[in-house]
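Novice: After the structure tokens below, expect a handful of questions from me.
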Amino acid sequence: MFEAVQGIDWSWAREIIFIAYALTIVSIIGIVISENRNPVKSLAWVTVLLLLPMLGIVLYLFFGRNIRNQRKLSRRYRRRLKKRAPRSSINFRELNLPPETLQLIRLAHSVGSAPIYNASKVDVFVSGKEKFDSLKKDLLSAKKFINLEYYIFENDKIGTEISEILMKKARSGVTVRVIYDHVGSFTVKSRFFKKMREAGILIFPFFKVSFPQLGTRLNWRNHRKLCVIDGTIGYLGGMNIADRYIDGGKKFASWRDTHVRVEGTVVSALQYAFAVDWHFMGQPLIEEEFNADNNTDSNISVQMLTSGPTSQWSNISYMFHKAICSARRRIYIQTPYFLPTDSLLKGLITAALSGVDVRVLIPRKSDSHLLDNASASYISECLRSGIKIYFYEAGMLHSKLIIVDDDFVTIGSTNFDFRSFEHNFEGNLFFYSQEFTNKMLEIFREDLKQSTRVLPDAWSKRPLVRRAIESVERLLSPIL
């Protein structure tokens, strides 16, 4: 009998497996196409599925699925939260701003229901030491609550200092809530967070990656870095809680980043953003009153806008696109990774060809070699159009900053890349003030002094192998 079984021709089984496998690939490609995504991104996925079939299926299951239009908060809970926020007393139509800037304010309201608020005080930090010295002081002064949300909360020197302060405040009766991203803080041992939980801190990982949800959660990360203290003080920007944001870590001589501390009614927008994320994780709706100072004397008008894979629109990407297309004089960009969408790249090129001063400042070497190569693949096209590209030489440039003309600045967690626009939960502040714009222009120009401009002739002489590697990695940029 055994010999009879051995004699069976099993080629039909291989054919069935091959047909099933081919149908799976075709079905996934059909899903990708039917979702009507960005054609560049869809083409990238089709390429991966065809060239790397087995690996492509796994990558798609973990990184390619779409969760857009899933509600993070019901309409009823949104109304309850908004009732607690101070009403904006600013009529944006009466602001002394150009028509193009007023359109930006209207856009932020249309895509993200973002009110226009005032900031009675704005402090800008360009170094981790300054930011964390200020944050620690404000945390120690908290009387009612602390809401803290970071992509990375490291168990190192500064992480331990922050956690000790949070535990001290929790034991004293202050309500302390912490959200950390599970993937961003994946290397941190659980006992670090367990210790805080045992001290009375309400601390939870965002989109915890575990079976069976691994494939539905790994790709979507909470990249925001914000903190709200007593409803009167807010922090937002690009710095996570880790020592390398202070000293550069093992890889860099220094770490250049941008973070802001705000006071005024705009703090209620940060509180609202945190409350939405808190409830999204299945936690009770935050019922605290918004206590932001309603000082209308400020000349800094500001909006807080969030975006993410559950948003109906690509909120922050749309704002970037509109600002770039509306530019009359200048567009200055700082970003650690330069992987623009096709529309944003065309917007920058069109602006440069129209005589707008377009400058992009990126690090000579970032914390990702893969993204360095992908970013480099865009430089030649930019240089041909007249865009000025600069490499920051002093260390790691992690700042996320855009300045347009004389009255528009945005600072936050959003990188100028596909991942921030499509897959991450991000948050940015949009400032409309000539005074604040001038301040940020000074900072940008100081950074240029520590940078090297990329010259077309020198750039064109890069080795052929390097250019080939950059081009290949650019194909993957929509899904990196």
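The values are calculated or read from the model by the stated rules, or taken from the named source; none is laboratory data. Because the structure is a prediction, the values reported are computed rather than measured. Here the Cβ is made from the backbone with ideal geometry for all residues, glycine too, and neighbour counts use every protein chain on show. In case anyone asks, the SASA skips ligands and DNA or RNA and just uses the protein heavy atoms, side chains included. Shrake-Rupley method; radii C 1.70, N 1.55, O 1.52, S 1.80 Å.
Novice: Within region 273-280, identify whether any single residue is closer than 25 Å to Leu102 by Cα, within 23 Å of the chain's Cα centre (by Cα) and modelled with pLDDT of 95 or more, and answer yes or no.
Specialist: No, every residue in region 273-280 fails to be closer than 25 Å to Leu102 by Cα, within 23 Å of the chain's Cα centre (by Cα) and modelled with pLDDT of 95 or more.
Novice: Pairs only if they're at least six apart or on different chains, beta carbon under 7 angstrom, first in region 180-201 and within 15 Å of Ile162 (Cβ to Cβ), second small (Gly, Ala, Ser) and assigned to a strand (DSSP E or B); list them, first residue then second.
Specialist: Partner pairs satisfying both residue conditions: none exist.
Novice: Here is a check on your reading of the model: is Gly173 farther than 24 Å from His398 by Cα and among the small types (Gly, Ala, Ser)?
Specialist: When the stated conditions are applied, Gly173 passes them.
Novice: Right, Asp181: out of contact with any helix residue (DSSP H, G or I) (no Cβ under 7 Å at 6 or more places or on another chain) and surrounded by fewer than 17 Cβ atoms within 10 Å (Cβ to Cβ) or not? Reasoning before the result, please.
Specialist: Numbers: out of contact with any helix residue (DSSP H, G or I) (no Cβ under 7 Å at 6 or more places or on another chain): yes; surrounded by fewer than 17 Cβ atoms within 10 Å (Cβ to Cβ): no.
Considered against the rule, which asks whether it is out of contact with any helix residue (DSSP H, G or I) (no Cβ under 7 Å at 6 or more places or on another chain) and surrounded by fewer than 17 Cβ atoms within 10 Å (Cβ to Cβ), Asp181 comes out as no.
Novice: How about region 353-377: which of its residues are in contact with a Lys or Arg (Cβ under 7 Å, 6 or more places away or on another chain) and open to solvent by 10 Å² or more (accessible area, probe 1.4 Å)?
Specialist: Selection gives Val356, Asp357, Arg359, Asp367, Asp372, Ser377.
Novice: Check Ala199 against each of (1) open to solvent by less than 30 Å² (accessible area, probe 1.4 Å); (2) under 22 Å from the mean Cα position of the chain (by Cα); (3) at pLDDT 95 or above; (4) not β-branched (Val, Ile, Thr) and name the one condition it does not meet.
Specialist: Among (1) open to solvent by less than 30 Å² (accessible area, probe 1.4 Å); (2) under 22 Å from the mean Cα position of the chain (by Cα); (3) at pLDDT 95 or above; (4) not β-branched (Val, Ile, Thr), the lone unmet condition for Ala199 is (2).
Novice: Do you know which residues across region 389-420 are over 17 Å from the mean Cα position of the chain (by Cα), assigned to a loop (DSSP other than H, G, I, E, B) and farther than 22 Å from Ala108 by Cβ?
Specialist: Matches in region 389-420: Glu393, Ala394, Gly395.
Novice: At least 1 residues that are more than 30 Å from Asn315 (Cα to Cα) in each: list the helices (runs of 4 or more DSSP H) lying fully within region 111-219 that qualify.
Specialist: 128-140, 157-171, 190-198
Novice: When only residues in region 317-344 that are surrounded by 24 or more Cβ atoms within 10 Å (Cβ to Cβ) and of a type in the set (S, T, N, Q) count, which is nearest to the chain's Cα centre (by Cα)?
Specialist: Looking at the filtered set, the residue picked out is Thr335.
This table checks each residue for (1) modelled with pLDDT of 90 or more; (2) farther than 30 Å from Ser451 by Cα.
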position: Gly173; (1), (2): yes, yes
position: Ser190; (1), (2): yes, yes
position: Phe204; (1), (2): yes, yes
position: Ser210; (1), (2): no, yes
position: Leu226; (1), (2): yes, no
position: Leu236; (1), (2): yes, no
position: Val260; (1), (2): yes, no
position: Ala269; (1), (2): yes, yes
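Novice: I've got another one for you. Output the residues belonging to region 108-129 that are farther than 17 Å from Gly427 by Cβ and open to solvent by less than 20 Å² (accessible area, probe 1.4 Å).
Specialist: Of everything in region 108-129, those that are farther than 17 Å from Gly427 by Cβ and open to solvent by less than 20 Å² (accessible area, probe 1.4 Å) turn out to be Asn118, Gly128.
Novice: Could you grab me the full set of residues in region 242-261 that are open to solvent by less than 10 Å² (accessible area, probe 1.4 Å), among the hydrophobic types (A, V, I, L, M, F, W, C) and over 17 Å from Thr414 (Cβ atoms)? Walk me through how you get there before you give the answer.
Specialist: Filtering region 242-261 for residues open to solvent by less than 10 Å² (accessible area, probe 1.4 Å) gives 242, 245, 248, 257-260.
Subset that is among the hydrophobic types (A, V, I, L, M, F, W, C): 242, 260.
Scanning region 242-261 gives a single hit, Ala242.
Novice: Follow-up. So which residues in region 439-480 are modelled with pLDDT of 85 or more and outside any helix (DSSP H, G or I), if there are any at all?
Specialist: The answer is Lys449, Gln450, Ser451, Thr452, Arg453, Val454, Leu455, Ser460, Lys461, Arg462, Pro463.
Novice: If you don't mind, another one. Of everything in region 301-313 that's in a loop (DSSP other than H, G, I, E, B) and open to solvent by less than 20 Å² (accessible area, probe 1.4 Å), which residue is modelled with the lowest pLDDT?
Specialist: The selected residue is Thr310.
Novice: Exactly one of (1) farther than 20 Å from Thr101 by Cα; (2) open to solvent by less than 20 Å² (accessible area, probe 1.4 Å); (3) polar (S, T, N, Q) is unmet by Ser380. Its number?
Specialist: Result: Ser380 passes all but (2).
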